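See structure below.
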Amino acid sequence: MIKRIVVYLSICLLAYGCCDDNEVFGVYHARFKEKGTIHYLELFPDSTFCHVYEKNNIKKEHKGFFQLYKYGNQYHISFDDWKDFDVRTIEYKKRYHSWRRTDNILINKGQIFFDLDLYELNFKKE
């Protein structure tokens, strides 16, 4: 009886872990909504990403690779390269001499957190 329970719990935990990994992939939209702008980041299961920014019929796109890490119950993501397209983020960086990290970024509950204080700089699954 105890052996069955252990096996059942192991299978449940394994299935739960697999579901968490799969939920990370998909399309994340920028939290800051500019009128007439399309801005999103898509994560693919083959560890590639596509960052798209389109405004006034001008489309900018950047592709690269990412790595996903799990620390405890949280996932973190690292991008091999990152380009900012939106003026708001670029101006913020200039004003505060800031930079957007491309490694060890928190990804949790359908959100990618580049900055924990300014949610506008982050992305969310919708």
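Here are the numbers for this structure:
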{"read-out": "Search result, residues across segment 70-88 that are more than 20 Å from L43 (Cα to Cα) and in contact (Cβ under 8 Å) with a residue 40 or more places away in the chain", "value": "R88"}
{"read-out": "Checklist (1) in a strand (DSSP E or B); (2) surrounded by fewer than 16 Cβ atoms within 10 Å (Cβ to Cβ); (3) modelled with pLDDT of 95 or more applied to Y28, failing item", "value": "(2)"}
{"read-out": "Any pair with Cβ under 6 angstrom, 6 or more apart, that starts in segment 41-54 at a residue that is free of Cβ contacts under 8 Å to residues at least 40 places away in the same chain and ends at one that is of a type in the set (V, I, T) and in a strand (DSSP E or B)", "value": "E42/V27; E54/I38"}
{"read-out": "Residue match in segment 88-103 (condition: in a helix (DSSP H, G or I), open to solvent by 40 Å² or more (accessible area, probe 1.4 Å), touching a strand residue (DSSP E or B) at 6+ places or on another chain (Cβ under 9 Å) and modelled with pLDDT of 75 or more)", "value": "no"}
{"read-out": "Complete set of residues in segment 61-79 that are of a type outside the set (A, V, I, L, M) and surrounded by 14 or more Cβ atoms within 10 Å (Cβ to Cβ)", "value": "H62, G64, F66, Y75, H76, S78, F79"}
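The values are calculated or read from the model by the stated rules, or taken from the named source; none is laboratory data. This is a predicted model, so every value here is computed, not measured. For neighbour counting, all protein chains shown are included, and Cβ atoms are generated from backbone atoms with ideal geometry for every residue, glycine included. Ligands, DNA and RNA are excluded from the accessible area calculation, which covers all protein heavy atoms including side chains. Shrake-Rupley method; radii C 1.70, N 1.55, O 1.52, S 1.80 Å.
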